[in-house]
1. Leaving out ligands and nucleic acids, note down the accessible area per residue over region 46-132 with a 1.4 angstrom probe, in whole Å².
2. Along the three principal axes, how long is region 73-145 when you take its alpha carbons, biggest first, rounded to the nearest angstrom?
3. Ignoring any ligand, DNA or RNA, what whole percent of the accessible area of region 53-145 comes from carbon and sulfur when the probe is 1.4 angstrom?
4. Using square roots of five times the C-alpha gyration tensor eigenvalues, list the equivalent-ellipsoid semi-axes of the chain in whole Å, biggest first.
5. Calculate the dipole size of the chain relative to its Cα centre from +1 charges on Lys and Arg beta carbons and -1 charges on Asp and Glu beta carbons; express the result in debye to the nearest 20.
6. With the chain treated as a Gaussian network of Cα nodes joined by springs under 10 Å, which of GLY38, GLY47, GLY78 yields the largest mean-square fluctuation?
7. Ranked by accessible surface with a 1.4 Å probe, highest first, in what order do CYS130, CYS46 come?
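The values are calculated or read from the model by the stated rules, or taken from the named source; none is laboratory data. The model shown is predicted, which means the values in this text are computed figures rather than measured ones. Don't worry about glycine lacking a Cβ; one is built from the backbone with ideal geometry, like all the others, and counts go over all protein chains shown. Please note that ligands, DNA and RNA were not included when accessible areas were found on the heavy atoms of the full protein model with its side chains. Shrake-Rupley method; radii C 1.70, N 1.55, O 1.52, S 1.80 Å.
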Amino acid sequence: MPVSIDAFTSPTLKYLRERWWNDDFTEFLVETLRPRAGNRILDVGCGEGLAEIHIGRLHLSQIRLVGVDLMLERVMVGRHETAAHNQRVGFATADACSLPFREAVFDSTFCVAVLQHIGDVAQAIGEFACVTVGGGRVVAVEPDN
């Protein structure tokens with residue numbers, strides 16, 4: 001019988017992500033996104049809210065973080081985890097290739113270790129660009145675990 005690994009929930013892969021997602025990576029992400037007061041930032045494939053927790057620890061004033069993930073269970077954990085850190089983050093269940101937002105809603109959109117799991121990367125990137133304001137930033141990071 002073949003063995004399958006759910007790459008999203010595998011404890012080994014989660015451990016690897018937590019290992020490289022450190023303060024330096026968070027600083028890199030924030031420097032790349034360039035958040036300013038009043039900005040809305042979308043995290044596509046937010047999982048259990050790891051990025052939101054790390055970014056929230058920087059106490060950036062007056063930014064609004066929104067995370068979406070395909071799996072409702074991860075969104076629910078993300079809500080719980082960010083609330084436990086006294087962070088206000090919006091979450092929704094959504095497909096990266098069909099985001100449930102109007103055009104030009106976010107100042108920045110990012111994803112980390114997500115595109116490798118998407119069948120139609122061009123469609124997803126097109127969605128990221130669509131929901132991001134003109135002149136905004138779209139950042140995709142695909143670390144090599």
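1. On the way: 4400 Å² over 87 residues.
Spelled out: the 1.4 Å probe surface of region 46-132, per residue, equals 51 Å².
2. Each principal axis gives a Cα extent; for region 73-145 these are 35, 30, 19 Å.
3. In region 53-145, the share of accessible area belonging to carbon and sulfur is 50 percent.
4. On the way: eigenvalues 102, 70, 43 Å².
So the equivalent ellipsoid measures 23, 19, 15 Å along its semi-axes.
5. Working: 13 positive and 19 negative charges, 97 e Å.
Approximately 460 debye in magnitude.
6. Of the options given, GLY38 has the highest mean-square fluctuation.
7. CYS130, CYS46
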